[in-house]
Amino acid sequence: MPKLTKRSVELLEPKAEGYFVWDSEIKGFGVRVLPSGAKTYQIQYRKGGRTRRAAIGRHGNVTAEIARAKAKELMGEVSKGENPIEDIAQHRRAPNIAALCERFHEAHVLQRCKASTQAEYRRMIDMLIIPAIGTFKVQDVERKDIAEMHHKSRDKPYQANRTLGVLSKMFNLAEVWGLRPDGSNPCRHVPKFREHKRERYLSQHELQNLGAVLANAERDGSETPFVIAAFRLLLLTGCRLGEIQTLQWAFLTDAGMELPDTKTGARRIPLPHAARAVIASLPRLPDNPYIIAGKVAGRYATDLQHPWRRIRALAGLDNVRIHDLRHTYASRTSRKVH
C-alpha cells in the first residue's frame, strides 16, 4: 500500500475490473480505479456494523493533496464517533428551496390565502425566488444569501419587501416542518427598503377623457361590456379590483353590496344610483354567478390589466394604474364630505 501522491495515482493502470488502492498513512483513504481509467479518491470506514464508503473527488479535478486533507478531516470526525458519510448523504437528500416553495404553496398558500394572494405568491416564487436560490439546500441558506437577493431588487422596493415577507413566512414553516433549526430564519434582521407610496388621482379633465374612451369602446365593441363596467364600478364604488372582479349577483341587496370575503373580512358597500345603473345594463349570463363575466363559461374576468393598458393609452393616462381609480374615488368622496 503506497502513499497516494499525484505521481503514484497516475501510474495506476486500469484493469478488466475496478479495484482500490489504499493509502499507507491514512487508514480508510484510497483511490478507486475503474476499467475506463477514471480514478476517484475515496474514504471508507465501519460504523454501526456497516461499511461506509464515499467519493471525495475525481483525480484531475481534485489533487491528491486536497483529497488527503479532506480524508484526514473526515476520518478525524469518525474517530470522534461521528458519521460524516451519512451526514453527507442526508444533506444530498435534503430538499432544496424549489421543493420548499412547492410545499409552501400546497400546504399553506392554497389552504389559507385568497385567490389573488395565491396568484401573487406564485408569481414571486416562479419569477423571483426560484431563479435566485431555488437550487440551495433549505438548511444551507444564510442571511447573506437573502440580503443579496433583496438588494438586487432595490430598484423595486415594494416588490423586494413583499418577496422578503413571503420568504420569511416560508422559512418559519421550514422550522415547523423540521427542515431548519428553531430560530434560524435567515430573513431575520434583513432591513426592508423604504417605500414611497404613490398617490395618483385623476383630475376632472382626465375623468372626462376616460369616460369618453369607455363610451367609445362600448359603442364600437372593442372591449366587452363587462370590462367597461368593471372600470366604471371601480370609479363609482371605491372597491378593490378583486372585489369587483368576483362580485356576484347574489351579493346585491337593497342596501348595497354584501361582500362575504374581502381583504378586511365581510363588509357592506353602498351602491350609488349610477353604479346600480351600470350593473343593470349588463346581461345576466346563464350558469354564471359573476357580474363581471369572463371568457370562460361560469367564471369572472381574470385579466383586466391588458384591457386597461389599451384604454388608458387612448385616454392619455399612461401612468395611471387600475388601483388609482380607487384612490380617485376616495379623494372625491373626501372632498364631498369636507
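The values are calculated or read from the model by the stated rules, or taken from the named source; none is laboratory data. Here the structure is a predicted model, which means the values were calculated and not measured. With ideal geometry, Cβ positions are generated from the backbone for all residues, glycine too; neighbour counts draw on all protein chains shown.
Return yes or no: is Ile88 closer than 22 Å to Phe136 by Cβ, surrounded by fewer than 18 Cβ atoms within 10 Å (Cβ to Cβ) and of a type in the set (A, V, I, L, M, F, W, C)?
Spelling it out, Ile88 is indeed closer than 22 Å to Phe136 by Cβ, surrounded by fewer than 18 Cβ atoms within 10 Å (Cβ to Cβ) and of a type in the set (A, V, I, L, M, F, W, C).
Do we have Trp249 as modelled with pLDDT of 95 or more, touching a strand residue (DSSP E or B) at 6+ places or on another chain (Cβ under 9 Å) and not small (Gly, Ala, Ser) here? Write out each step before concluding.
Numbers: modelled with pLDDT of 95 or more: yes; touching a strand residue (DSSP E or B) at 6+ places or on another chain (Cβ under 9 Å): yes; not small (Gly, Ala, Ser): yes.
It is true that Trp249 is modelled with pLDDT of 95 or more, touching a strand residue (DSSP E or B) at 6+ places or on another chain (Cβ under 9 Å) and not small (Gly, Ala, Ser).
Here is a yes/no grid of residues against (1) in a loop (DSSP other than H, G, I, E, B); (2) outside the structural domain of Arg32 (by TED's automatic domain parsing); (3) in contact with a Lys or Arg (Cβ under 7 Å, 6 or more places away or on another chain):
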{"site": "Gly57", "(1), (2), (3)": "no, no, no"}
{"site": "Ala67", "(1), (2), (3)": "no, no, no"}
{"site": "Glu77", "(1), (2), (3)": "no, no, no"}
{"site": "Gly81", "(1), (2), (3)": "yes, no, no"}
{"site": "His105", "(1), (2), (3)": "no, yes, yes"}
{"site": "Leu110", "(1), (2), (3)": "no, yes, no"}
{"site": "Ser116", "(1), (2), (3)": "no, yes, no"}
{"site": "Ala119", "(1), (2), (3)": "no, yes, no"}
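Which is basic (Lys, Arg) and farther than 30 Å from Gly81 by Cβ, of Lys47, Lys15?
On the way: Lys47 fails: farther than 30 Å from Gly81 by Cβ.
Step by step, each of Lys47, Lys15 is checked, and only Lys15 is basic (Lys, Arg) and farther than 30 Å from Gly81 by Cβ.
Could you list all residues from the range 155-170 that are more than 29 Å from Arg93 (Cβ to Cβ), of a type in the set (Lys, Arg) and in a helix (DSSP H, G or I)?
Arg162
Report, by residue number, each residue of the range 163-173 that is over 16 Å from Gln139 (Cβ atoms) and surrounded by fewer than 18 Cβ atoms within 10 Å (Cβ to Cβ).
Our first condition is that a residue be over 16 Å from Gln139 (Cβ atoms); within the range 163-173, this holds for 163-166, 168-169.
Once the filter is applied, which keeps residues that are over 16 Å from Gln139 (Cβ atoms) and surrounded by fewer than 18 Cβ atoms within 10 Å (Cβ to Cβ), the range 163-173 yields Gly165, Ser168, Lys169.
Out of the range 218-277, which residues are among the basic types (Lys, Arg) and closer than 23 Å to Thr117 by Cβ?
Arg240, Lys263, Arg267, Arg268
For (1) at negative phi; (2) among the hydroxyl-bearing types (Ser, Thr, Tyr), each residue gets a yes or a no:
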| site | (1), (2) |
| --- | --- |
| Pro270 | yes, no |
| Ala275 | yes, no |
| Ala280 | yes, no |
| Pro286 | yes, no |
| Arg299 | yes, no |
| Thr302 | yes, yes |
| His306 | yes, no |
| Gly316 | no, no |
| Ile322 | yes, no |
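Any chance the range 216-234 includes a residue that's aromatic (Phe, Trp, Tyr), in a helix (DSSP H, G or I) and farther than 25 Å from Glu120 by Cβ?
So far as the range 216-234 goes, no, none of its residues is aromatic (Phe, Trp, Tyr), in a helix (DSSP H, G or I) and farther than 25 Å from Glu120 by Cβ.
Looking for whichever is closer than 18 Å to Leu241 by Cβ, modelled with pLDDT under 95, among the charged types (D, E, K, R) and in contact with a strand residue (DSSP E or B) (Cβ under 6 Å, 6 or more places away or on another chain) here; the options are Arg267, Arg321, Arg326. Which one fits?
Among Arg267, Arg321, Arg326, only Arg267 is closer than 18 Å to Leu241 by Cβ, modelled with pLDDT under 95, among the charged types (D, E, K, R) and in contact with a strand residue (DSSP E or B) (Cβ under 6 Å, 6 or more places away or on another chain).
Restricting to the range 247-289, what's the tally of residues that are without any contact (Cβ under 8 Å) to a residue 60 or more places away in the chain and not in a strand (DSSP E or B)?
Going through the range 247-289 one residue at a time, the tally reaches 27.
Can we say Gly242 is on the phi > 0 side of the Ramachandran plot and surrounded by 14 or more Cβ atoms within 10 Å (Cβ to Cβ)?
In short, no.
Consider Glu258 carefully, then state whether it is surrounded by fewer than 17 Cβ atoms within 10 Å (Cβ to Cβ), modelled with pLDDT under 95 and in contact with a Pro (Cβ under 6 Å, 6 or more places away or on another chain). Walk me through it before giving the result.
On the way: surrounded by fewer than 17 Cβ atoms within 10 Å (Cβ to Cβ): yes; modelled with pLDDT under 95: yes; in contact with a Pro (Cβ under 6 Å, 6 or more places away or on another chain): no.
It is false that Glu258 is surrounded by fewer than 17 Cβ atoms within 10 Å (Cβ to Cβ), modelled with pLDDT under 95 and in contact with a Pro (Cβ under 6 Å, 6 or more places away or on another chain).
Which pairs have Cβ atoms under 8 Å, sit 6 or more apart or on different chains, and link a residue in the range 184-199 that is in the same structural domain as Arg154 (by TED's automatic domain parsing) and free of Cβ contacts under 8 Å to residues at least 60 places away in the same chain to one that is assigned to a loop (DSSP other than H, G, I, E, B) and surrounded by 11 or more Cβ atoms within 10 Å (Cβ to Cβ)?
Nothing qualifies.
Scan the range 144-154 and tell me whether some residue there is within 30 Å of Asp261 (Cα to Cα), out of contact with any His (no Cβ under 6 Å at 6 or more places or on another chain) and assigned to a helix (DSSP H, G or I).
Looking for residues that are within 30 Å of Asp261 (Cα to Cα), out of contact with any His (no Cβ under 6 Å at 6 or more places or on another chain) and assigned to a helix (DSSP H, G or I), one finds none in the range 144-154, hence no.
Working only within the range 151-184, note down all residues that are within 13 Å of the chain's Cα centre (by Cα) and more than 18 Å from His105 (Cβ to Cβ).
Passing the criteria: Gln159, Ala160, Asn161.
Which of (1) in a helix (DSSP H, G or I); (2) touching a residue at least 12 places away in the same chain (Cβ under 8 Å); (3) more than 29 Å from the chain's Cα centre (by Cα) is the odd one out, the single condition Pro307 does not satisfy?
Answer for Pro307: the failing condition is (3).
Has the range 91-105 got at least one residue that is without any contact (Cβ under 8 Å) to a residue 60 or more places away in the chain, among the basic types (Lys, Arg) and either touching a His at 6+ places or on another chain (Cβ under 8 Å) or closer than 30 Å to Cys187 by Cβ (or both)?
Within the range 91-105 (the criterion being without any contact (Cβ under 8 Å) to a residue 60 or more places away in the chain, among the basic types (Lys, Arg) and either touching a His at 6+ places or on another chain (Cβ under 8 Å) or closer than 30 Å to Cys187 by Cβ (or both)), the answer is yes, since at least one residue qualifies.
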